[in-house]
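The values are calculated or read from the model by the stated rules, or taken from the named source; none is laboratory data. Just so it is clear, the structure is predicted and the values come from calculations on it, not from any experiment. Cβ coordinates were reconstructed from backbone atoms using ideal geometry, including for glycine residues, and neighbour counts include every protein chain displayed.
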Amino acid sequence: MSAPPSVSNVLSFEDARRVVEQQAALIRASRLPANKTESVDLLAAADRVLSECITADRDLPPFPRSTRDGYAVRSPDLSQLPATLEVIGEIKAGEGLDRIPASIGPGQTVAIMTGAPVPAGADAVVMVEFTTLREKRVEVARSVVPGENVVPRGAEARHGSVLVDRGERLNQAAIALAASVGKSRLQVFKRPRVAVLTTGDEIVGVDATPGPTQIRNSNSYSLAVQIRRAGGEPALLPVAPDELHALRRLIEEGLQSDLLILTGGVSMGRYDLVEQALSELGAEFFFTGAKIQPGRPVVFGKCGAGGPVRDRPATYFFGLPGNPVSTMVTFELFARPMIEALSGESPRNLTFLHAWLKKEIRVKAGLKRFLPAILSGEFENSEVELVAWQGSGDIAATARANCYVVIPAAREHIPAGEWVAVMRLDC
Ligand code: AMP
Ligand code: MG
């Protein structure tokens, strides 16, 4: 058996992330053809990536808006308190223009509701709580500064200005903003197709009855979930055996997609053939390992392959270690940014929280660690504790966990009570 021809290139976590970000930037710069977009209903656009710009169809707010129920006043009228003003009308939210006084003069006021337009002449709103109405006159017990309780026309956005930029993933606020400017359909990027290729002679399908030394394929399913969450469309390939010819054929099939994610077969074992198969197909490797735990043997590269894929740009691939927790962690750290870039999304950082460590952790220095843990409490009372686990093959432990505690590579001892970084599993 010949060794893989590639030279081993194990990077620090930070360098490996940088390499991924560099490649993701190249994708963003080069691979966003306009025909990879589609028009969808406003609600179907939630969590998709915007491929157009949403602009303001008029000034926001379109009129000086009262933010309180009260009285629209000329602020100098309230320099002497209490002040008594003549009430010349009432303006409800949505009031017709014909019912709004053209202007209010000195000593005059109008009753006004939250969301209603402040009439010309008035420069502030005094809250109803500071007033007493007596027939057609109101006594005001508090002064206001100019502009108080009024949002000027166009203060939130000017007509024509960009509200949500191309490349933004659409959250509820962006959807609300689109609704507010009358966009009932939005142009979004199509989801990239991500092939998933699990490898291993011992792996059988979910519906199979495993033999005594076989295990069911779970990685394809965790990956499919993570790919969907990252914005991709998973395409599960048949399980590849630890045999070069069949493995190569399935890799070639996977390279037809926008991204190929393999699991298993990237460690040092005699039957870990993924790197060799990729090398034989002419792959370029950006790294063949990262100093992390779990997930050290992770591989990243790109491959044009022979035959039917020659006419397209090289396809990026990841070889993720087969241990289920390693597969999940390395996906989040490295594959997710590439799927986001292929989805047209602008770069974003890993999201993490902080929490107090409940029990000390002792590890060997040298690897940045992502250890399954349980986060409890909220905000300044957040606490985190490692789950007991049998190593990176222990899916049951990860299912009990709701986060990973992140330990910097240089640390050996994290005492209880330290404020540690935590990566959520579900975002
Ligand atoms: P490997 O990376 O191929 O050396 O596999 C490491 C460990 O992960 C082995 O115990 C495999 O049986 C297990 N494994 C590999 N692929 C899968 C999979 N698709 N689902 C569940 N476990 C797997
Ligand atoms: Mg294997």
Any idea how many residues of the range 67-76 are touching a residue at least 40 places away in the same chain (Cβ under 8 Å) and either of a type in the set (S, T, N, Q) or within 11 Å of ASP123 (Cβ to Cβ) (or both)? 5
Of all residues being within 15 Å of ligand 1 (Cβ to nearest atom) and loosely packed, with under 15 Cβ neighbours inside 10 Å in the range 247-270, which is nearest to the chain's Cα centre (by Cα)? Just the residue, please. MET268
Among (1) part of a loop (DSSP other than H, G, I, E, B); (2) surrounded by fewer than 18 Cβ atoms within 10 Å (Cβ to Cβ), where does SER143 come up short? (2)
Return a yes/no flag: does the range 315-325 have any residue that is within 16 Å of ligand 2 (Cβ to nearest atom), under 24 Å from GLU252 (Cβ atoms) and polar (S, T, N, Q). no
Looking at ALA155, ALA173 in this structure, which one is without any contact (Cβ under 8 Å) to a residue 24 or more places away in the chain and surrounded by fewer than 19 Cβ atoms within 10 Å (Cβ to Cβ)? ALA173
In the range 296-308, anything more than 10 Å from ligand 1 (Cβ to nearest atom), crowded, with 17+ Cβ neighbours inside 10 Å and not aromatic (Phe, Trp, Tyr) is listed as ARG296, VAL298, VAL299, GLY301, LYS302, CYS303, ALA305
Within the range 386-427, how many residues turn out to be surrounded by fewer than 15 Cβ atoms within 10 Å (Cβ to Cβ), part of a strand (DSSP E or B) and at pLDDT 95 or above? 2
Starting from the range 191-208, keep only residues that are on the phi > 0 side of the Ramachandran plot, then list their pairs with residues that are at pLDDT 95 or above and near ligand 2 (Cβ under 8 Å from one of its atoms) whose Cβ atoms are within a distance under 8 Å, requiring at least 6 positions of separation or different chains. GLY200/ASP242; GLY200/GLY264; GLY200/GLY265; GLY200/GLY322
Is at least one residue of the range 198-209 surrounded by fewer than 15 Cβ atoms within 10 Å (Cβ to Cβ), assigned to a helix (DSSP H, G or I), of a type outside the set (Phe, Trp, Tyr) and out of contact with any Cys (no Cβ under 6 Å at 6 or more places or on another chain)? no
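Within the range 76-100, which residues are part of a loop (DSSP other than H, G, I, E, B), of a type outside the set (A, V, I, L, M) and within 48 Å of the chain's Cα centre (by Cα)? Even if it seems obvious, please write down each step before you answer.
Going residue by residue through the range 76-100, those that are part of a loop (DSSP other than H, G, I, E, B) are 79-82, 92-96, 100.
Among the residues that remain, those that are also of a type outside the set (A, V, I, L, M) are: 79-80, 82, 92, 94-96.
Hits for the range 76-100 are LYS92, GLY94, GLU95, GLY96.
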If I filter the range 210-225 for residues that are among the polar types (S, T, N, Q), surrounded by fewer than 20 Cβ atoms within 10 Å (Cβ to Cβ), more than 19 Å from LEU320 (Cα to Cα) and within 16 Å of ligand 1 (Cβ to nearest atom), do I get at least one hit? yes
Looking at (1) farther than 20 Å from PRO321 by Cβ; (2) touching a helix residue (DSSP H, G or I) at 6+ places or on another chain (Cβ under 8 Å); (3) more than 15 Å from ligand 1 (Cβ to nearest atom), which one does VAL206 not meet, given that it meets all the others? (3)
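Scan the range 230-246 for residues that are touching a residue at least 24 places away in the same chain (Cβ under 8 Å) and either more than 10 Å from ligand 1 (Cβ to nearest atom) or not in a loop (DSSP other than H, G, I, E, B) (or both) and jot them down. Show your work before the answer.
Within the range 230-246, the subset touching a residue at least 24 places away in the same chain (Cβ under 8 Å) is 230-237, 239-244.
Those that are touching a residue at least 24 places away in the same chain (Cβ under 8 Å) and either more than 10 Å from ligand 1 (Cβ to nearest atom) or not in a loop (DSSP other than H, G, I, E, B) (or both): ALA230, GLY231, GLY232, GLU233, PRO234, ALA235, LEU236, LEU237, ALA240, PRO241, GLU243, LEU244.
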Could you figure out which of (1) without any contact (Cβ under 8 Å) to a residue 12 or more places away in the chain; (2) in contact with a strand residue (DSSP E or B) (Cβ under 8 Å, 6 or more places away or on another chain) isn't true of ALA122? (1)
